[in-house]
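*Asks:* Submitted below is the structure of interest, expressed as C-alpha cells.
The values are calculated or read from the model by the stated rules, or taken from the named source; none is laboratory data. Quantities reported herein were computed from a predicted structural model and do not represent experimental measurements. When we count neighbours, we look across all protein chains shown, and the Cβ atoms used for this are built from the backbone with ideal geometry, even at glycine.
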There are 2 protein chains.
Amino acid sequence: MSSESRERFASISPAEFFKRNPELVGFSNPARALYQSVRETLENSLDATDIHMILPSIKISIDRVEIEKEVYRLTVEDNGIGIPPHIVPNAFGKVLYSSKYTIRQTRGMYGLGVKAVLLYSQMYQDRPFEVQTSPKGSNRVYYFRLKIDISKNEPIIFHRSSIENPTGWHGTIITVYLVGDWLRSKQRIYEYIKRTYILSPYAEFVFRDPEGNVTYYPRVTNKLPKPPEEVKPHPYGVDIELLKYLIATLRYQYDVRGFLINEFQSIGDVTADEILKLAGLPPNKPASKLTDDEIARLVEVMKKYEKFRPPSADALSTLGEELITIGLNKVFSPELVAAETRKPKAYQGHPFIVEAGIAYGGSIQPAEFPTVLRYANKIPLVYDEKSDVIWKVVEEIDWRRYGIEENQFPLVVLVHLCSTKVPYKSAGKESIADVEEIEREIKFAIMSVARQLRLFLLEKRKQEEEKKRMLTYMKYIPELARSLAIFEAPSEDKVDPLAKELEQKLIEIVSRKIGLNDAELYKKLKVEIS
Amino acid sequence: MSSESRERFASISPAEFFKRNPELVGFSNPARALYQSVRETLENSLDATDIHMILPSIKISIDRVEIEKEVYRLTVEDNGIGIPPHIVPNAFGKVLYSSKYTIRQTRGMYGLGVKAVLLYSQMYQDRPFEVQTSPKGSNRVYYFRLKIDISKNEPIIFHRSSIENPTGWHGTIITVYLVGDWLRSKQRIYEYIKRTYILSPYAEFVFRDPEGNVTYYPRVTNKLPKPPEEVKPHPYGVDIELLKYLIATLRYQYDVRGFLINEFQSIGDVTADEILKLAGLPPNKPASKLTDDEIARLVEVMKKYEKFRPPSADALSTLGEELITIGLNKVFSPELVAAETRKPKAYQGHPFIVEAGIAYGGSIQPAEFPTVLRYANKIPLVYDEKSDVIWKVVEEIDWRRYGIEENQFPLVVLVHLCSTKVPYKSAGKESIADVEEIEREIKFAIMSVARQLRLFLLEKRKQEEEKKRMLTYMKYIPELARSLAIFEAPSEDKVDPLAKELEQKLIEIVSRKIGLNDAELYKKLKVEIS
C-alpha cells in the first residue's frame, strides 16, 4: 500500500465534535465544568424570564451525590415561559438545534451551552438528564429523562410523562449529574452568581451549595428592562451565504424587490429600487431564481451603499443607568455610584450599546487595580479577564487625570456590552475580542462615568480643605470670644456667659461663610479638637 | 398566541454554525482572515509532507485580483502525498469530515481549518475553490472546482477532470479567492512564515506577496524528524462516550477482554483480567452487549487503575535539540544557542513533550521583554500571546538569576509543545490553556536552557574582566619594560631594542597567566589604549 492510504478520513457529528473538544465550550476540567454548567443553565433560565417580561425567581442547588468520584447533582429551577413538550428532546438532546438562531440580544449566543453540559455530563457518569417543564398557559407539567446519542446527534428518551398542573405553575426545572470539583470552582461560582445579581436587580436567586450553605439574593426592584425584539438583518451585515440562506428559507414567493423590502431592516421602496439599479438586477425577478453571480453583485452593492439608517437597537435590551446604580449600591455600599448608557452604534451590521458604571469608596477596599466587572448581554464574564478588550481599556485609562492615585483604587468599574452578536473570542463566552468600534465606545463610556467621579472627588477634597480651615478657626474662636467678652461684659460674672454666646455666633459666621452645616460640624470638630 | 410560541427553534448544519461564527475559527475580520487562510493551508501542506517522510517544498503566493473589493487569490502548492480523488470533495467541502480525527500529532487539530477558509471565501465573493492533486504513486492529476453547500454541509462540484501525470509529480495545489486586507495582515503573515521556517529547517518555502516581492527560504538540512505514529487511546484518557464510540466502530466482534487488549495502549492479558475483575465484568461478554452501567463501571476502573504505563510517545514528533539549534542560529545569528527536549509526560491521557530553545546576543537587539516564540505541534502561534501559558511561564521566571538584567533582553525564548491533543483555548489555535502538567514542563525546559545561558554569561563576564585586567597591565608594561631595559642594557643605544623585547616578553607572560591569546589581544588592546 502506498503512503497516501495511511490517511484515514472520517466524518463526525457536531455532538461528537464538541464532546471531543469540550475545552472549546468551556469544559476544560472538572472545576471549570461545574462552573460552566451552573452558568449555562442559569443563563437559559434568565433568557426564559426577563426577555418575556417575567420577574425571574431562580433556584440553584448543587449536591454531592457520590463521594469517591465527585459526582454532583445540579438543579436549576426557573419561573420562565417553559418549553413546549414536542421541542424538549431536541432542545436538550440535539447539538445545533436552538432558539438562539435569531437576531435578538440573548445571553446564549451559540445555542450550544446546555448541550455542552449534557455532553460533558455523559462522559464520566451515566445518570441521564432530567427536565420538568410547563409552558406558560399549559395545564400540564411534562417530565423527561434523556441523553444525547452522540454519534447520531439525536436525543435518546429514557422516560417521558406528564401530570396535571392545577396551580398554573410555568417554568423549567432541570437536573444534571456531572463529575465536578466544588472546592476549586466554589469561589468562581459564588462570584458568578453575585455578578449576575448585580446586573439583574429585578431577579431573586436562591443558591444552595454542596456544603449546605443557602444564600438568598432578594429582588431589589420590580422594574424590568425593556425586552429585546427579534429584528431582520441589516444590509451592512449581509454576506452572500446569508442572502442564500434567507432566500432558501423564504415563506413567501417574493420578487427580489419584495425580498429586499420585506426581509431587511432599513430598506423601503426607494432604497430597494436604488440598490437594484446599482446591482443591475430586474426588480421583478423571483428571488429564488437569482444566480450566484447576481447574489454576489447584490451583496456588494448592499455593503457599499451609504444611505442606510444604522442598525435598529430594538433587538437590544440594556439595563439602564438606574438599574446599574441600584445594583452597584446594593452590592458595594460605596460613597459614589455613577452610570451611563451610551447611544446605539453598529459594527459589521450588528447593533450594540455599551453601558458603564463606577462605584467608589465606602466599603470597597483600595487595591492595586480597579475591580473590573465585565458583562455581555447581561451575563458576567469571569475567566480570561486579561485578554478582554474591557480590561485593555481600563488599563489604558490614565486614572490620575480623574483624581485617583495609582495603586490606590477603592474602585469598581462595570462595563456592559449589549449586542445581537457579541464578538467572543471563544464559544466558552469568556472574553470579548478587540473590535475597534466597540473598544471606542467602552472608552467613552468609562471616561464619562470617570468624569463624574472626578467631580465628586474634587468636591470631596474641597470639603476636606474647608474642614481643615474650619478646624484652624475653631482653635482660635474660644480665645477670641473670651477676649471680646472681657471688653464687652458689663460685669465680671457676665464674662463667661457672654464668651459662650460670642463663641456660638462666631462659629455661625465662619460656618456660613464657608457654607457648612455648623451645628453638625461643630459637634464633630469639638471631638477632634479635644 | 401565548408568549412561549415566540421562541422559534431551528436546527443548523455545522457548516452554517461555523459560517455564522467565523471568529471562533480565527476569521474575525479581513486581515485576520487572510492570515488565517495562509496558515491553515500551509499547515495542511506541511502535514502532507514531513509526517510522510517527504522533505517539504512549498510555494505560497497571494495576488490581488480585484482592487475595489480587496479580493485576493491565495495559492499554496506542496509536494505532499496528495489526496485520493474520491476523497477530495468531502475533504474540502464537508465540515467535520477530516483525516485529523485520529490519535496522532498533527498540525491540524479540529479538522476545520481549510473548511473555515472556504466558508469565509464564499461569504464575500463568488469564485469557487480550486484543487489540483495527484496522490503519491498515481499516474493522473485530478482537478476540481467546488464550493460548500452551507445549509446541507455538502460539497457542490462545479467541475472535475483529470489529466495524465507523466512526470510522477505528487502533491496538492489549492487556489482560493477571498476578501482580505493585505496591509493589515502583512507583518503577521511574514512573521508566521518566518517562525514556521525556524521550526522546519528541513523545508523550503517560496512566498510571493501581493506587492510582487518574492522571498525564498532555503532548506537548511535534509534531516527529517521522526514522524508521529497513529496510536490507540490510553486508558487514562477514556470516557464513557469514547468507549461507546470505540465499541460502535469496532471492525471485529470482540469480547470485552479482547476489546481492551486490542483497542487500547498499555493493556495486556494480565492488566485486562485485573480491570475486568475490579469492574465486576465477565471477560467473555461481547463488547457490543455491554450496558451503559457496565461501560460506566469500566471507565471508572480504568481511570483509577494506577499500574498503566504512561501514554506512548510514538504518536509524537518532536523537532529535537539539533534542529532547534540549527533553526535559531540560521534566523537570529546569535552568540549563544541552547536547546532541550524533555522526556514525554501526559495529561488527561494525552502524551506530550515540551522542547525549549534560547538564543542570546549577536544580532538580537535588547528589548524590554524576551521575544517569545510559541509553537504547538510545529506550528507557530502568533496572536493572543499574553493569554498563553508559555508567555505566563516566561513572565514568571526571574531572569536576573540567570545573569540577565531586567529590561535588557537580547533574548529569544522558543517553546514547542507536542501533543496528540494541544489544549488550545479556541479553535483558532492561537493560545494554549493553563494545564498544570504542561505548565510545569514548560518551566523546567526553559530553566534548563536558561542555566546554559547563565554559564555562558558567567564565562563571558570572566573573559571581560580578564580583558580589563590585561588592559591595566598593558598600560604599565611599556614603562616597566623601559625601566628594566635601562638597568639591563649594556649601552644606551641598546635600551630601546631591549625595551621592545622585554615588553613583548612581559605581554607573553601576562597573557599566558590569564590564559588569553596574546597576539590577537595585543592588537586589539593597542588600539583601545591609543
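*Asks:* Being among the small types (Gly, Ala, Ser) and touching a Gly at 6+ places or on another chain (Cβ under 9 Å) is the filter here; which residues of region B:102-122 pass it?
*Replies:* Matches in region B:102-122: B:Gly113, B:Ala116.
*Asks:* Output the residues belonging to region B:238-259 that are in contact (Cβ under 8 Å) with a residue 12 or more places away in the chain and in contact with a Lys or Arg (Cβ under 8 Å, 6 or more places away or on another chain).
*Replies:* B:Val238, B:Asp255, B:Val256
*Asks:* Which members of region A:95-126 meet the condition of being more than 8 Å from chain B (Cβ to nearest Cβ) and β-branched (Val, Ile, Thr)?
*Replies:* Once the filter is applied, which keeps residues that are more than 8 Å from chain B (Cβ to nearest Cβ) and β-branched (Val, Ile, Thr), region A:95-126 yields A:Val95, A:Ile103, A:Thr106, A:Val114, A:Val117.
*Asks:* Let me ask you something else. Taking B:Phe92, is it within 13 Å of chain A (Cβ to nearest Cβ) and under 27 Å from the mean Cα position of the chain (by Cα)?
*Replies:* Yes, satisfied.
*Asks:* Same structure, new question: Are there any pairs with C-beta distances below 8 angstrom linking a residue in region B:477-489 that is in contact (Cβ under 8 Å) with a residue 24 or more places away in the chain and closer than 9 Å to B:Glu503 by Cβ to a residue that is surrounded by 16 or more Cβ atoms within 10 Å (Cβ to Cβ) and of a type outside the set (A, V, I, L, M), with the two at least 6 apart or on different chains, and if so which?
*Replies:* B:Ile477/B:Glu503; B:Pro478/B:Glu503; B:Ala481/B:Glu503
*Asks:* Looking at region A:131-167, which of its residues are in a loop (DSSP other than H, G, I, E, B), free of Cβ contacts under 8 Å to residues at least 24 places away in the same chain and closer than 30 Å to A:Glu16 by Cβ?
*Replies:* Listed by number, the list is empty, since nothing qualifies.
*Asks:* Right, something else. Within region A:185-208, can you find the residues that are assigned to a strand (DSSP E or B) and of a type outside the set (Val, Ile, Thr)?
*Replies:* Listed by number, the residues that qualify are A:Glu204, A:Phe205, A:Phe207, A:Arg208.
*Asks:* Something else: Given the options B:Lys19, B:Lys69, name the one that is crowded, with 19+ Cβ neighbours inside 10 Å and at the interface with another protein chain (Cβ under 7 Å from one of its Cβ atoms).
*Replies:* The match here is B:Lys19.
*Asks:* May I ask you to say which residue of A:Gly80, A:Gly93 is touching a strand residue (DSSP E or B) at 6+ places or on another chain (Cβ under 8 Å), over 28 Å from A:Phe352 (Cα atoms) and crowded, with 22+ Cβ neighbours inside 10 Å?
*Replies:* A:Gly93
*Asks:* Taking region B:287-319 as the region of interest, how many residues are more than 14 Å from chain A (Cβ to nearest Cβ), within 19 Å of B:Thr271 (Cα to Cα) and charged (D, E, K, R)?
*Replies:* Going through region B:287-319 one residue at a time, the tally reaches 3.
*Asks:* I'd like to check something: does region A:488-502 contain any residue that is within 30 Å of A:Pro344 (Cα to Cα) and β-branched (Val, Ile, Thr)?
*Replies:* No: region A:488-502 contains no residue that is within 30 Å of A:Pro344 (Cα to Cα) and β-branched (Val, Ile, Thr).
*Asks:* Identify all residues within region A:440-481 that are among the charged types (D, E, K, R) and either surrounded by 18 or more Cβ atoms within 10 Å (Cβ to Cβ) or not in a helix (DSSP H, G or I) (or both); write none if there are none.
*Replies:* Selection gives A:Glu441, A:Lys443.
*Asks:* Inside region B:320-399, counting only strands (runs of 3 or more DSSP E) that do not spill past its ends, which hold 1 or more residues that are in contact with an Asp or Glu (Cβ under 7 Å, 6 or more places away or on another chain), within 14 Å of chain A (Cβ to nearest Cβ) and within 18 Å of B:Lys425 (Cα to Cα)?
*Replies:* Correct list: B:345-347, B:379-381.
*Asks:* Does any residue of region A:145-166 turn out to be away from chain B (no Cβ under 14 Å), over 16 Å from A:Ile87 (Cβ atoms) and either buried (at least 21 other Cβ atoms within 10 Å of the Cβ) or out of contact with any strand residue (DSSP E or B) (no Cβ under 8 Å at 6 or more places or on another chain) (or both)?
*Replies:* Yes, region A:145-166 contains at least one residue that is away from chain B (no Cβ under 14 Å), over 16 Å from A:Ile87 (Cβ atoms) and either buried (at least 21 other Cβ atoms within 10 Å of the Cβ) or out of contact with any strand residue (DSSP E or B) (no Cβ under 8 Å at 6 or more places or on another chain) (or both).
*Asks:* Now for a separate question. Those residues that are among the aliphatic types (A, V, I, L, M), out of contact with any helix residue (DSSP H, G or I) (no Cβ under 6 Å at 6 or more places or on another chain) and at pLDDT 90 or above, I need them from region A:329-372; list them, please.
*Replies:* Answer for region A:329-372, where residues must be among the aliphatic types (A, V, I, L, M), out of contact with any helix residue (DSSP H, G or I) (no Cβ under 6 Å at 6 or more places or on another chain) and at pLDDT 90 or above: A:Ile353, A:Ala367.
*Asks:* Hey, among A:Val270, A:Val220, which residue is touching a residue at least 60 places away in the same chain (Cβ under 8 Å) and aliphatic (A, V, I, L, M)?
*Replies:* A:Val220
*Asks:* When the residues of region A:425-439 are narrowed to those that are out of contact with any strand residue (DSSP E or B) (no Cβ under 7 Å at 6 or more places or on another chain) and part of a helix (DSSP H, G or I), which ends up nearest to the other protein chains (Cβ to nearest Cβ)?
*Replies:* Across region A:425-439, the extreme among qualifying residues is A:Glu436.
*Asks:* Next question, about the same structure. Taking helices (runs of 4 or more DSSP H) that do not extend beyond region B:209-286, which have at least 1 residues that are away from every other protein chain (no Cβ under 13 Å) and on the phi > 0 side of the Ramachandran plot?
*Replies:* Helices (runs of 4 or more DSSP H) meeting the threshold: none at all.
*Asks:* Only one of A:Asp384, A:Asp388 is crowded, with 16+ Cβ neighbours inside 10 Å and at pLDDT below 90; which?
*Replies:* A:Asp384
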